[in-house]
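These notes are about the structure you will find just below.
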Amino acid sequence: MTPNDIPLQQLHQTPGYGDGYTDVRQSSLSSIDDIALEDDTAVEEFTERQQSPNDVLERKLGLWSGMAIVVGSIIGSGIFSSPALVLDSVGSVGMSMVVWGIGALVSLCGCAAYMELGTMLPRSGGEKEYLAVAYPRPRALLPFAFCLSFIFISFPSGLAADSVVTGVYFVYAATGSKPTAGHSEWTQRAIGLAVVAACGLMHALCGKLAIRVQNTLTVVKVLLLVLIAGVGVFNRHREDGSGFHDAFRGTSRNAHSYVSALFKVFFSYSGFTSLNYSIDELRDPVRNLPRAAMGGLMATTVLYILCNASFFLVLSPDAVREAGTAVAGVFFSQALSPIWGQRIVPALIGLAAFGNVMCATFSASRVVFEAAREGYLPGGTRFLGSISRRFQAPVWALAMSGVLAAVFIVGPPPGEAYDFLIDIGGYPVWMFYGLSVVGLLIMRRTHAELVRPFRTWHGANVLTIATALFMCCVPFVRPSDERVDSRHIPYWAAPVAALLFIVVSGPLWYIQVVVRQGLDRSIYGRSSEIK
């Protein structure tokens, strides 16, 4: 019997639920008298785990640290580079602001659904836990597919992208020229490798220091966004008035343009689920998870809208388009001075991207750690699912996350192949988002007895599911972009490759779960086997 097989009402009968909550996976190990193990060796191993304080990760995250992880995961390079791309897609300032508002609304609905899931099933692992309960047959198939997709595709590709962006902006700050100025791509990748290694080592060797660094970088990001908002209000120099004059002039009527814009906006808002992956380390999670996640996302939403407004108050729409991904630098160059736009701001954006890597490294390693302990990955007891006695951290899980990210950084050659591998990672995210929220609706019927400290509106769930379907189907629609004919890799290749990977996880699931009985032989499986 695995933790997912334990009657779910036991979760809410656990002492402290909602007030110093204790995970059922921990409370089920409370007494060896309650468990009958098969042999003396198993009893000895179980006793050793019980006596060791290293069997579970320490609850070191409070409300503000949790909120810092959420805000730090959301705010990256997207808000500093996407506004010009969104404007170029939709054609007008007014519609650009509308698209950012739609992205905020959908993200808040998705976040609310994950808060209901997270407080109803407060266990680390995110979708792995929710899918296991919502779709119990075939046993653990969807959670297994999720784990493999996120561990081997989504998380490492995202880490690689953010790490390379960090390198891009650090080179920008060092040279004073735009990221598009043709700097050595391998220099940027080398910096990306150093960033991945630094984040992994900090989380592995000094976890509490890493959390403090995350919190500090989050403050830096927020202050940078506040600075942009303030500069926009007090530096409206343009002679022809603000960019909001005749705001909807030139609005695009091409449907695919809005698809492209929404992809960029959703990318900028992504990260609000990050705390669900490490909820076992959050103090009083039933109370703090909604506060941290919803509070962090709402604060970020306000800052995003204000920053977009500031860009258009200071720069004309044509200037924003011309600036491209360096719009923040051009904004500060015009509003303050060139030294701000060419040196200071790029360095701060690089730090923002570095903070993203810090938060993503933390979340990715926790998915690896939980997947190994549950039995989805081999080596759960001795390696990937183990906790270092000295450092109180899942060192092997952190190492695996870092190695996979490094493969995505240095493996593909420059150009389309690199972009292709990065694009693969985004597709499973929306697929499992949608399946998890559908699962939430299923559990309202199949597990109506579960306590739901946070309950989201039905219409918000429907909107999230519709958006997930949209994001999963649109990549197969041919873009109305003439440049698509000049590409060597077809536009549909990335989503097809992601789907094929998910399909291939089926036979791997059969080997690991059915043949090798990985779930029953895992740490959680053996220690919760009740006769």
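What tally of residues in the range 445-458 results from selecting those that are among the basic types (Lys, Arg) and under 20 Å from residue 294 (Cβ atoms)?
2
Across the range 434-451, the number of residues qualifying as under 11 Å from residue 131 (Cβ atoms) and hydroxyl-bearing (Ser, Thr, Tyr) comes to 1.
Among the residues of the range 308-322, is any assigned to a helix (DSSP H, G or I), of a type in the set (D, E, K, R) and in contact with a Phe, Trp or Tyr (Cβ under 8 Å, 6 or more places away or on another chain)? So that I can check it myself, show each step before the final result.
Restricting attention to the range 308-322, the residues satisfying the condition of being assigned to a helix (DSSP H, G or I) are 308-314, 317-322.
Filter again for of a type in the set (D, E, K, R), leaving 318, 321-322.
With the extra rule that they be in contact with a Phe, Trp or Tyr (Cβ under 8 Å, 6 or more places away or on another chain), the set shrinks to none.
No, that holds for no residue.
For the range 147-179, give me each residue that is assigned to a helix (DSSP H, G or I), among the polar types (S, T, N, Q) and either in contact (Cβ under 8 Å) with a residue 40 or more places away in the chain or in contact with a Cys (Cβ under 8 Å, 6 or more places away or on another chain) (or both). The answer is 149, 154, 157, 163, 166. Among the residues that make up the range 229-251, is at least one of them buried (at least 22 other Cβ atoms within 10 Å of the Cβ), part of a helix (DSSP H, G or I) and in contact (Cβ under 8 Å) with a residue 24 or more places away in the chain? The answer is yes, given that some residue of the range 229-251 is buried (at least 22 other Cβ atoms within 10 Å of the Cβ), part of a helix (DSSP H, G or I) and in contact (Cβ under 8 Å) with a residue 24 or more places away in the chain.
What are the residues in the range 200-219 that are under 17 Å from residue 396 (Cβ atoms) and basic (Lys, Arg), if any? Across the range 200-219, there are no qualifying residues.
Would the range 386-408 turn up any residue that is among the polar types (S, T, N, Q), closer than 30 Å to residue 130 by Cα and within 22 Å of the chain's Cα centre (by Cα)? Within the range 386-408, one or more residues are among the polar types (S, T, N, Q), closer than 30 Å to residue 130 by Cα and within 22 Å of the chain's Cα centre (by Cα). With respect to the conditions (1) among the aromatic types (Phe, Trp, Tyr); (2) closer than 20 Å to residue 146 by Cβ; (3) at pLDDT below 85, residue 510 falls short on a single one, namely (3). Only one of the numbered conditions (1) part of a helix (DSSP H, G or I); (2) surrounded by fewer than 19 Cβ atoms within 10 Å (Cβ to Cβ); (3) among the acidic types (Asp, Glu) is not met by residue 280, and that is (2). Taking the range 11-117 as the region of interest, the helices (runs of 4 or more DSSP H) fully inside it that hold 3 or more residues being crowded, with 16+ Cβ neighbours inside 10 Å and at pLDDT 75 or above are 63-74, 78-90.
Out of 266, 332, 312, one residue alone is within 29 Å of residue 90 (Cβ to Cβ), under 28 Å from the mean Cα position of the chain (by Cα) and not aliphatic (A, V, I, L, M). It is 266. In the range 338-444, counting only helices (runs of 4 or more DSSP H) that sit wholly within it, the ones holding 1 or more residues that are at pLDDT 90 or above, more than 20 Å from residue 114 (Cβ to Cβ) and of a type in the set (Phe, Trp, Tyr) span 345-374, 395-410.
In the range 109-128, is there at least one residue being touching a residue at least 24 places away in the same chain (Cβ under 8 Å), closer than 30 Å to residue 259 by Cβ and over 19 Å from the mean Cα position of the chain (by Cα)? No, because not a single residue in the range 109-128 is touching a residue at least 24 places away in the same chain (Cβ under 8 Å), closer than 30 Å to residue 259 by Cβ and over 19 Å from the mean Cα position of the chain (by Cα).
The values are calculated or read from the model by the stated rules, or taken from the named source; none is laboratory data. Just so it is clear, the structure is predicted and the values come from calculations on it, not from any experiment. When we count neighbours, we look across all protein chains shown, and the Cβ atoms used for this are built from the backbone with ideal geometry, even at glycine.
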